[in-house]
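A.B. asks: First, the structure itself, so that you have it in front of you.
The values are calculated or read from the model by the stated rules, or taken from the named source; none is laboratory data. Fair warning: this is a prediction, and the values are worked out from it, not measured in the lab. Virtual Cβ from ideal backbone geometry, glycine too; neighbours counted across all protein chains shown. Side chains included, ligands, DNA and RNA excluded: accessible areas come from the protein's heavy atoms. Shrake-Rupley method; radii C 1.70, N 1.55, O 1.52, S 1.80 Å.
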Amino acid sequence: MADLFLSSTPDATPHGDNVPLADRLRPQTLSDVVGQDHLTGPEGAIGRMVAAGRLSSIIFWGPPGTGKTTISRLLAQAVGMRFEPISAIFSGVADLKKIFAAARDHARTGQRTLLFVDEIHRFNRAQQDGFLPFVEDGTVTLVGATTENPSFELNAALLSRAQVLILRRLDSDALGLLLDRAEALMDRPLPLDAAAREALIASADGDGRFLLNQAETLFSVDLPAPLDPVGLSALLHRRVAVYDKDREGHYNLISALHKSLRGSDPQAALYYLARMLVAGEDPLYVLRRLVRFASEDIGLADPQALIQCLAAKDSYDFLGSPEGELAVVQACLYCATAPKSNGAYKAMKAAWKSARDTGSLMPPANILNAPTRLMKDVGYGQGYEYDHDAKDGYSGADYWPRDMTPQTFYTPGERGFEARIAERMAWWSKLRAERGGA
């Protein structure tokens with residue numbers, strides 16, 4: 001009769017050689033984890049927690065394939081806790097209630113629970129708040145994993161109760177070690193020459209799981225000779241760069257581009273521009289940022305920068321991709337190599353602040369138009385000096401409101417065209433002083 005309760009469906013869990021290579025190579029202890037020694041080593045945050053035998057709640061933040069799930073499982077094992085994994089994509093409030101209830105039952109017998117929440121940023125704000133009482137009373141120790149910046153994606157209340165630990169993308173040494181382990185497990189080398197092996201590692205972009213999946217494909221094919229990089233590229237699909245247009249990867253790269261331009265490094269600027277466009281960024285978005293840069297960081301040091309950027313925008317509108325992208329490159333290189341000044345940007349901020357602070361002060365009457373007799377009678381336009389009639393085309397008159405001290409908002413720099421502007425402004429200042437102006 002007991003057989004009646006057995007499922008008639010064959011066991012779908014893979015066994016032996018059917019288990020994916022990445023799963024077969026999962027580390028069995030924290031010391032087996034590669035590329036995260038800054039956390040798992042004796043002096044790392046995780047190493048210290050394990051040595052103390054007590055975990056605090058943690059948010060693991062890092063790129064895909066860097067070991068967030070594996071480290072969480074091994075943490076529970078190292079300190080003797082129940083490991084309860086869920087995914088925020090497939091779980092809801094009802095699932096969490098069951099988990100919290102079970103955790104309380106186990107707590108009564110002295111068994112603590114590590115609740116691992118993969119993709120924790122997928123839970124909305126209200127769901128994230130639901131963790132708080134159970135984390136605070138010790139029902140569970142929460143370990144969340146996210147590829148997104150926790151500052152933007154997680155509640156401040158949740159972050160205040162957890163330690164954020166950053167996992168690094170795996171470097172070439174760590175990825176090479178994974179391939180060594182794969183070859184040892186399979187008891188044969190990968191069918192690659194040295195250059196192709198390096199190309200395979202580079203294609204993983206720091207993702208260990210992706211690398212092992214590619215290695216598994218290579219082990220599954222029968223090749224007459226080791227592949228070179230060209231043969232490898234033909235056999236395997238190329239990894240798409242990690243880049244979310246509305247998330248942190250997007251903002252990180254545009255920030256890197258802007259800072260490289262400001263630092264007058266055309267090579268780095270071109271690299272970050274390429275990273276964005278190759279990953280699928282809209283060239284018009286980049287052009288908008290270049291136009292802004294031309295005003296904010298170059299300004300009148302080279303007035304042509306703004307013209308170049310607008311011309312690049314028109315060129316891209318006219319040609320489209322990929323031909324129009326060369327105009328984006330030209331604008332990028334022009335901005336990177338132009339003399340820099342934030343004089344106009346600083347002047348704008350100072351002038352805007354002054355306008356807010358001074359309210360509605362009336363301009364001096366002599367520079368106001370007088371289209372009606374009444375306005376003329378009350379003094380509008382009286383005493384105005386027409387600069388074109390003055391000596392040197394400059395009257396040196398005072399244009400500020402009577403109740404306001406003249407301000408200096410714009411101070412030209414000594415680079416590029418602004419050096420000439422500075423000379424001109426100094427000459428006007430000298431003439432104004434000589435003629436008794438402001």
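A.B. asks: For an R0 of 35 angstrom, estimate the FRET efficiency from the Cβ-Cβ distance between residue 234 and residue 127 and round to the nearest 0.05.
C.D. replies: Values: r = 46 Å, r/R0 = 1.30.
After rounding, the FRET efficiency stands at 0.15.
A.B. asks: Taking just the alpha-carbon atoms of the range 271-315, what radius of gyration and Dmax come out, in angstrom?
C.D. replies: Over the range 271-315's Cα set, Rg and Dmax evaluate to 11.2, 33 Å.
A.B. asks: Can you work out ³J(HN,Hα) from phi for every residue in the range 317-322, in order, using Karplus 6.51 cos²θ - 1.76 cosθ + 1.60 and θ = phi - 60°, giving whole Hz and x for Gly and Pro?
C.D. replies: Per-residue couplings from phi come out as 4, 7, 9, x, 8, x Hz.
A.B. asks: In addition: Using Cα positions and a limit of under 29 Å, work out the lysines in reach of residue 353, with same-chain residues fewer than 8 apart set aside.
C.D. replies: List returned: 259, 340, 430.
A.B. asks: Next question. First measure r as the distance between the Cβ atoms of residue 267 and residue 151, then evaluate 1/(1 + (r/R0)^6) with R0 = 22 Å and state the FRET efficiency to the nearest 0.05. Let's see the in-between values first.
C.D. replies: Working: r = 31 Å, r/R0 = 1.39.
For residue 267 and residue 151, the calculated efficiency is 0.10.
A.B. asks: Right, another one. Using the Cα atoms of the range 55-142 to build a convex hull, what is its mean projected area in square nanometres?
C.D. replies: Details: hull surface 22.1 nm².
Spelled out: convex hull of the Cα atoms, projected over all directions, averaged, 5.5 nm².
A.B. asks: What is the sum of charges around residue 368, taking Lys and Arg as +1, Asp and Glu as -1, for the other residues whose C-beta is under 15 Å from the C-beta of residue 368? Please report the intermediate quantities before stating the final value.
C.D. replies: Working: positive: 373, 376, 402; negative: 377, 385, 398.
Value of the local net charge: 0.
A.B. asks: Would you kindly compute the Cα radius of gyration of the range 204-341 and its largest Cα-Cα separation (Dmax), both in Å?
C.D. replies: 19.2, 64
A.B. asks: Still on this structure: Return the calculated 222 nm mean residue ellipticity for the chain, to the nearest 500 deg cm²/dmol, obtained by summing -39500 (n - 2.57) across DSSP H runs with n ≥ 4 and dividing by the residue count.
C.D. replies: Working: 21 runs with 215 residues, N = 438.
One gets -14500 deg cm²/dmol as the mean residue ellipticity at 222 nm.
A.B. asks: On a straight-distance basis, which aspartates and glutamates could pair with residue 346 in a cross-link, Cα separation under 17 angstrom, same-chain partners fewer than 8 positions away excluded?
C.D. replies: Answer for residue 346, where 17 Å is the Cα cut-off: 296, 297, 302, 357, 414, 418, listed by chain and number.
A.B. asks: Do any chymotrypsin sites (Phe, Trp or Tyr not before Pro) in the range 371-438 lie in a loop, going by DSSP, with at most 11 other beta-carbon atoms within 10 Å of their beta carbon, and if so which?
C.D. replies: Numbers: sites: 380, 384, 386, 394, 399, 409, 410, 417, 427, 428; in loops: 380, 384, 386, 394, 399, 409, 410.
Of the chymotrypsin sites (Phe, Trp or Tyr not before Pro), the ones in loops of the range 371-438 whose Cβ has at most 11 other Cβ atoms within 10 Å are 386.
A.B. asks: Mind checking the range 398-438 for GluC sites (Glu not before Pro) that DSSP puts in a loop (not H, G, I, E or B) and that have at most 14 other Cβ atoms within 10 Å?
C.D. replies: Numbers: sites: 414, 418, 423, 434; in loops: 414.
Sites meeting the loop and neighbour criteria: 414.
A.B. asks: A follow-up question, please. Two-decimal Rg/Rh of the range 283-438 from alpha-carbon positions, Kirkwood Rh? Could the numbers behind the result be given before it?
C.D. replies: On the way: Rg = 21.0 Å, Rh = 18.7 Å.
When Rh is taken as the Kirkwood radius, the ratio is 1.12.
A.B. asks: Could you run the Debye sum over the Cα atoms of the chain, one equal point scatterer each and no solvent, and tell me log10 of I(q)/I(0) at q = 0.08 Å⁻¹, two decimals?
C.D. replies: Reported log10 I(q)/I(0), two decimals: -0.73.
A.B. asks: Here's a follow-up. Computed over the Cα atoms of the range 153-238, what is the convex hull's projected area averaged over all directions, in nm²? Could you put the intermediate results ahead of the total?
C.D. replies: Numbers: hull surface 29.4 nm².
Reported value for the Cα convex hull: 7.3 nm².
A.B. asks: Same structure, new question: Test of understanding: what is the full-extension gain from residue 389 to residue 424, defined as 0.36 nm times their sequence separation minus their Cα-Cα distance? Before the final figure, lay out the partial values.
C.D. replies: Details: separation 35, 0.36 × 35 = 12.60 nm, distance 1.90 nm.
Contour length minus the Cα-Cα distance gives 10.7 nm.
A.B. asks: Counting pairwise Cα distances across the range 186-235, what percent come out greater than 16 angstrom?
C.D. replies: Working: 401 of 1225 pairs.
When every Cα pair of the range 186-235 is considered, 33 percent fall beyond 16 Å.
A.B. asks: A follow-up question, please. Ranked by accessible surface with a 1.4 Å probe, highest first, in what order do 40, 69 come? Walk me through the numbers before you get to the answer.
C.D. replies: On the way: 40 25, 69 55 Å².
Heavy-atom accessible area, descending, gives 69, 40.
A.B. asks: Counting other C-beta atoms within 10 Å, and keeping those with at most 14, which DSSP coil trypsin sites (Lys or Arg not before Pro) do you find in the range 307-368? All intermediate terms of the calculation are to be shown ahead of the outcome.
C.D. replies: Values: sites: 313, 340, 346, 349, 353, 356; in loops: 340.
Here no trypsin sites (Lys or Arg not before Pro) fit, given the DSSP loop and packing criteria.
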